[in-house]
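Before any comments, here is the structure.
What follows is calculated from the coordinates using simple rules that are stated; it is not laboratory data. The structure presented is a predicted model; accordingly, all values stated were derived computationally and were not measured. Methodologically, a virtual Cβ is constructed for each residue, glycine included, from the backbone with ideal geometry; neighbour enumeration extends over all protein chains shown.
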Ligand code: NAD
């Protein structure tokens with residue numbers, strides 16, 4: 001049977017489908033049901049667009065022997081087993097940078113909402129509690145210390161967007177050359193120093209074995225009382241929602257801002273989602289027309305290049321060595 005099917009885990013807008021059809025058939029399956037993905041994988045599948053949270057591992061890859069590539073729509077690729085894709089010679093495309101600005105903007109929104117205590121003031125109005133304005137205060141960003149953990153594309157956007165608020169900025173990122181950011185007016189410190197010194201801590205690391213549970217019950221106590229913790233990176237970078245809820249109730253956290261949860265979709269009944277000092281959104285930081293357009297255009301371009309046998313932009317390939325190996329074996333056999 002000829003392999004002509006592209007499986008999209010999660011929905012694709014019609015204008016994106018139109019760029020593949022009728023040459024390829026598109027089958028969309030739920031982005032949170034492994035069972036549906038298992039059923040969709042067969043010998044007709046030529047490419048998989050892995051959106052959402054179903055983990056795309058070697059077992060799923062092996063069910064589709066005609067598979068030529070896996071595409072991610074985003075910068076995080078923790079939902080694909082890169083090692084198993086590389087072992088099978090499958091390139092994994094992604095779209096780094098396409099949504100950095102939008103994620104930076106949502107991060108700033110969560111910081112502002114948390115510092116200005118927007119939930120509390122809305123509740124006071126709904127409760128006709130006018131006197132609360134004499135008893136409670138918002139916080140200014142001016143004079144506060146912002147701590148950025150992971151100073152990559154999004155961490156730097158947050159730094160750029162936060163200029164003008166009069167914050168002092170610390171960053172922690174052991175994997176970059178700190179000297180190249182000498183003009184950023186930023187101080188690089190250890191992870192522990194950042195937790196101890198910052199009033200606003202924002203996470204921008206990828207989810208890896210090292211960053212899973214980066215904020216945990218052993219170190220959350222280092223954070224200053226009343227501090228704000230923001231996570232727009234990946235949910236499992238914080239040990240659990242229970243830990244955050246406890247830290248809001250008993251200290252040290254003054255507020256949290258979350259776009260991501262350890263499990264997605266999360267348990268909507270978790271008390272954190274009703275906490276007055278929790279500002280929450282459901283993994284929507286990159287769901288803006290501009291970012292979606294950039295993400296989907298890049299994805300379509302790279303998928304079509306690989307399927308057509310032309311050269312994709314290697315900056316958008318997580319494991320470019322796979323394509324280099326293929327090029328090497330093509331030239332040695334010609
Ligand atoms: P990036 O690769 O440009 O930056 C990540 C930075 O983290 C790198 O500089 C790296 O050196 C650093 N880092 C890695 N491990 C670290 C550690 N243990 N301690 C400190 N720093 C560490 O990635 P990016 O484009 O800035 O994206 C960051 C993450 O944001 C993505 O991996 C993704 O998980 C998440 N993200 C979320 C959304 C959303 O919708 N909420 C959208 C896009 C990206």
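Entry note, the chain: the mean residue ellipticity at 222 nm calculated from DSSP H runs of n ≥ 4, each adding -39500 (n - 2.57), is -9500 deg cm²/dmol after division by the residues and rounding to the nearest 500. Under a Gaussian network description of the chain, with springs only between Cα atoms under 10 Å, the residue in 215, 154, 176 that fluctuates furthest is 176.
Looking at the range 81-214, the DSSP beta bridges with both ends there are about 0 percent antiparallel. Descending by average beta-carbon neighbour count within 10 Å, the peptides 123-135, 12-24 line up as 12-24, 123-135, the highest first. Here the Gaussian network model covers the chain, with springs between Cα atoms less than 10 Å apart; of 199, 308, 216, 308 fluctuates the most.
Kindly identify the range 181-253 as rounded, prolate or oblate by the Cα gyration tensor criterion: order the square roots of the eigenvalues as a ≥ b ≥ c, call it rounded if a/c is under 1.5, otherwise compare a/b with b/c, prolate if a/b is larger, else oblate.
Oblate is the answer for the range 181-253, as a/c is 1.5 or above yet b/c matches or exceeds a/b.
Using alpha carbon centroids, what distance separates the range 277-302 and the range 73-104, in Å? Centre-to-centre distance over Cα atoms comes out at 14 Å. Look at the alpha carbon pairs under 8 Å that are at least 6 residues apart: their mean separation over the length of the chain gives a relative contact order of 16 percent. Highest GNM mean-square fluctuation among 208, 107, 137, for the chain modelled with Cα contacts below 10 Å: 137.
Against the main long axis of the alpha-carbon atoms of the chain, helix 289-308 sits at an angle near 20°.
Modelled label positions at residue 187 and residue 250, each set 7 Å beyond Cα in the direction of Cβ, lie 3.2 nm from each other.
What whole-number distance in Å separates the alpha-carbon centres of the range 205-267 and the range 6-62? Each part's Cα centre sits 31 Å from the other's.
Segment residue 216..residue 4, full-extension length gain: 71.7 nm, with 0.36 nm per residue of separation and the alpha-carbon distance subtracted.
Compute the long axis of helix 321-333 from its Cα atoms, compare it with the longest principal axis of the Cα atoms of the chain, and write down the angle in degrees, 0 to 90, nearest 10. Helix 321-333 sits roughly 20 degrees off the main axis of the chain. Taking a ≥ b ≥ c as the square roots of the Cα gyration tensor eigenvalues, the chain comes out prolate, since a/c reaches at least 1.5 and a/b is larger than b/c.
In this label model, residue 57 and residue 113 are separated by 3.4 nm, measuring between points 7 Å along each Cα→Cβ vector. With each label modelled as a point 7 angstrom along the Cα→C-beta vector, the residue 268-residue 179 pair spans 5.4 nm.
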